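A.B. asks: To start, I am sharing the structure in question, which I have written as structure tokens.
Every number in this text was worked out from the coordinates using simple rules, so none of it is lab data. No experiment lies behind these values; they were computed from the predicted model shown. Counting neighbours? That spans all protein chains shown, and the Cβs are built from the backbone with ideal geometry, glycine included.
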Amino acid sequence: MLEALPDDLNLLLALDVLLRERHVTRAAKRLGITQSAASQRLGRLREFFGDALLAPGRPLLALTPRAEALADPLAQALASLRAAVQAGAPFDPATSERRFVLLGNDLLEAVALPRLLPMLAREAPYVTVQVDRADADFVRRLERGTADLAFVPEFLVPPSSRQLRLPEERFVTLMRRGHPAASQRLTLERYLELGHVLIAPHGMPGSLVDRALEARGRRRRIVAQVQHFVTVPFLIAASDLVVTCPATVAALSTPFGLRAVRPPVELGVDRSSAVWHERVHDDPGHRWLRSWLSKAIRAGARTPPDQPNQVDPTQVDRKGELDPPG
């Protein structure tokens, strides 16, 4: 007869990670154990449940029907258990060993982590931060308690979630300095004649730019589609392709000497938010994390560019070119 719970409750923690990762090596890394140890725990779980749980598959292992039935209830139970353990507990950043999981894209890693890590070294030397991709299941991960904050476009924020709106960003079009189009005003006709890079973090076709063009009965030529923002400067600097992206990418592209110009199609502004679940709103550790986030946003808004060639998207000349200040 099946026991109600395994003798070692850490097996349930391992099962939760294994079912989410569907990859033994990656699960072992998340658990902080060896691959061999993770395989042993999977073996014990299979014996306990009398089910394979994870079956061979490509590129990831496949969940058996029993594992699919277990996944959500297990994650919710563990989230409730974590909340119960942390309830009312004080948070001392100087001694806490808590791990915060942030969901976002590579821009979050490139922009936020350089500000966060020095602060952690000073104020919270034992706290760790893990950044995962914000996929379509970000709401469920916040509900489960397997993520603390998600950085997503504002239109994806569920009405029931708490959010902190991030500073609005304008869109710019980037090209290399010696680009044939760099010496002329970028009209819509010239824009459509160029080859474009599409940044699709979720791997899906289409974008805000394409929707704006379709509304005018026009279409651009996508030559390359990538999932990562930080890849783009390398592609643009080495080709005659252009990319239309949030202004932060232009700031990160300073070492590449790219030119940023105003897109010839109205795109509005990029609006994003940091989102969290209601149940952690009053958690002391989570409040500390959000406090840091607010400070970092304010500091970023006040800090002027510190490199002589830094692109400042607020400096726009009459031709719509965004050139370095000074």
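A.B. asks: From Cα coordinates alone, what are the radius of gyration and Dmax values for the chain in angstrom?
C.D. replies: Considering the chain through its Cα atoms, Rg and Dmax are 23.2, 78 Å.
A.B. asks: Sticking with this one: Hey, got a sec? Which GluC sites (Glu not before Pro) in the range 173-274 land in a DSSP loop and have at most 13 other Cβ atoms within 10 Å? Show your work: numbers first, answer last.
C.D. replies: Values: sites: Glu189, Glu193, Glu214, Glu266; in loops: Glu266.
Qualifying residues, ordered by number: Glu266.
A.B. asks: Using helices alone, what [θ] at 222 nm do you get for the chain, with -39,500 (n - 2.57) per DSSP H run of 4 or more residues, divided over all residues and rounded to the nearest 500? Present the calculation step by step, with values, prior to reporting the outcome.
C.D. replies: Working: 12 runs with 126 residues, N = 326.
So the calculated ellipticity at 222 nm is -11500 deg cm²/dmol.
A.B. asks: While we're on this one: Per 0.36 nm of contour for each residue apart, how much would the distance between Leu113 and Glu154 grow if the chain were fully extended, relative to their Cα-Cα spacing? Numbers along the way, then the final one.
C.D. replies: Values: separation 41, 0.36 × 41 = 14.76 nm, distance 2.12 nm.
Value of the extension gain: 12.6 nm.
A.B. asks: Using DSSP to call loops (not H, G, I, E or B), can you name the GluC sites (Glu not before Pro) in the range 33-129 whose Cβ has at most 13 other Cβ atoms within 10 angstrom? Working shown, then result.
C.D. replies: Numbers: sites: Glu47, Glu68, Glu97, Glu109, Glu123; in loops: Glu97.
Filter output for the range 33-129: Glu97.
A.B. asks: How many nm is it between the label spots at Ser291 and Glu47, if each spot is 7 Å from the Cα in line with the beta carbon?
C.D. replies: About 4.8 nm, to one decimal.
A.B. asks: Please report the Cα spread of the range 171-268 along all three principal axes, rounded to whole Å, starting with the longest.
C.D. replies: Principal extents (Cα only, largest first): 36, 33, 23 Å.
A.B. asks: Here is a follow-up. Full-extension gain between Arg177 and Leu60, please, as 0.36 nm times their residue separation minus the C-alpha to C-alpha distance. Numbers along the way, then the final one.
C.D. replies: Details: separation 117, 0.36 × 117 = 42.12 nm, distance 4.25 nm.
Gain on stretching Arg177 to Leu60: 37.9 nm.
A.B. asks: Now, a different point. Which trypsin sites (Lys or Arg not before Pro) does the range 142-183 hold that lie in a coil by DSSP with at most 14 other beta carbons within 10 Å? Intermediate values should be presented prior to the final figure.
C.D. replies: Values: sites: Arg144, Arg162, Arg165, Arg170, Arg176, Arg177; in loops: Arg177.
Loop-located and lightly packed - Arg177.
A.B. asks: Along the principal axes of its C-alpha atoms, what lengths does the range 211-276 span, in descending order and rounded to whole Å?
C.D. replies: 38, 35, 22
A.B. asks: Return the Rg/Rh value of the range 59-121, two decimal places, where both radii are evaluated on C-alpha atoms and Rh is the Kirkwood radius.
C.D. replies: Numbers: Rg = 17.1 Å, Rh = 15.5 Å.
When Rh is taken as the Kirkwood radius, the ratio is 1.11.
A.B. asks: For the range 97-205, build the convex hull from the C-alpha positions and give me its volume per residue in Å³. Write out the running numbers ahead of the final one.
C.D. replies: On the way: hull volume 17.5 nm³, N = 109.
About 160 Å³ per residue, rounded to a whole number.
A.B. asks: Kirkwood hydrodynamic radius, the range 1-144, all distinct C-alpha pairs: what's the number in Å? Write out the running numbers ahead of the final one.
C.D. replies: Working: mean 1/r = 0.0584 Å⁻¹.
Across the range 1-144, the inverse of the average 1/r is 17.1 Å.
A.B. asks: For the range 245-287, compute Rh as the Kirkwood radius over C-alpha pairs and then the Stokes-Einstein diffusion coefficient at 10 °C and 1.306 mPa s; write the answer in µm²/s, rounded to an integer. Write down the numbers at each step before the final one.
C.D. replies: Details: Rh = 14.0 Å.
In µm²/s, the coefficient rounds to 113.
A.B. asks: I would also like to ask the following. For a Förster distance of 35 Å, can you work out the FRET efficiency between the beta-carbons of Ala84 and Asp137, rounded to the nearest 0.05? Provide the component values of the computation, followed by the final result.
C.D. replies: Working: r = 24 Å, r/R0 = 0.68.
That pair, Ala84 with Asp137, gives E of 0.90.
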